[in-house]
Amino acid sequence: MTLVRFISADGSKIREVEAEPGERLLWLAQAADQPLEGTCEGQMACSTCHVIVDAADFARLPSPSEEEEDLLDFAASVTRHSRLACQIWIEEGWETLTVRMPGSVRNMQGR
Ligand code: FES
């Protein structure tokens, strides 16, 4: 089991959820009321599921595909630890995974 920690863009709010291997980060985030629109529902066609991954966790993730990297070029507030939440599946043996919401959210959700 993995403890997934979502941090709000300004760092003021932390939400933790438990996840099983194979669960998709985007769905976990949405179930935890995180402001990730995921407009294309994981088809890798929108970049509205952009998250910033904790540096240590980032190093552990499988490398992004070229398509994911191309899409990230269009996301707002991209950092070198940016990933698309719809392209991250929890893996066996991960104790924790910490991600932060990007600074400026392009899709205003009023949250
Ligand atoms: Fe659209 Fe991830 S949900 S790219």
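No value in this document is a laboratory result; all are computed from the given coordinates. Remember, it's a predicted structure, so these values are computed and weren't measured experimentally. Because the Cβ atoms are built from the backbone with ideal geometry, glycine has one as well, and the counts that use them run over all protein chains shown.
Ranked from highest to lowest mean number of other Cβ atoms within 10 Å per residue, what is the order of the peptides 31-40, 67-76?
Numbers: 31-40: 17.2, 67-76: 14.5.
Result, highest mean Cβ count within 10 Å first: 31-40, 67-76.
Multiplying the sequence separation of Glu18 and Trp94 by 0.36 nm and subtracting their Cα-Cα distance, what value in nm do you get? Could the numbers behind the result be given before it?
Working: separation 76, 0.36 × 76 = 27.36 nm, distance 1.12 nm.
Between Glu18 and Trp94, full extension yields 26.2 nm more.
Per 0.36 nm of contour for each residue apart, how much would the distance between Asp54 and Ser8 grow if the chain were fully extended, relative to their Cα-Cα spacing? Before the final figure, lay out the partial values.
Working: separation 46, 0.36 × 46 = 16.56 nm, distance 1.28 nm.
Working it through step by step, the gained length comes to 15.3 nm.
Once you treat every alpha carbon in the chain as an equal point and sum by Debye, what is log10 I(q)/I(0) at q = 0.24 Å⁻¹?
These q points yield log10 I(q)/I(0) values of -1.60.
Please give the peptides 80-93, 52-65 ranked by average Cβ packing (other Cβ atoms within 10 Å per residue), highest first, as a rough proxy for protection.
Sorting 80-93, 52-65 by mean packing, highest first, produces 80-93, 52-65.
Tell me the mean residue ellipticity at 222 nm calculated for the chain from its helices only (DSSP H runs of n ≥ 4, each -39500 (n - 2.57), averaged over every residue, nearest 500). The partial results should precede the final answer.
Values: 3 runs with 20 residues, N = 111.
Taking each H run of at least 4 residues, the total per residue is -4500 deg cm²/dmol.
Under the definition of Cα pairs under 8 Å and six or more residues apart, what whole-number percent is the relative contact order of the chain? Let's see the in-between values first.
Numbers: 208 pairs, mean separation 44.3, N = 111.
Across the chain, relative contact order equals 40 percent.
Using 0.36 nm times the number of residues separating Asp73 and Gln43, minus their current alpha carbon distance, what extension gain do you get? Before the final figure, lay out the partial values.
Numbers: separation 30, 0.36 × 30 = 10.80 nm, distance 1.65 nm.
Here the segment from Asp73 to Gln43 would lengthen by 9.2 nm.
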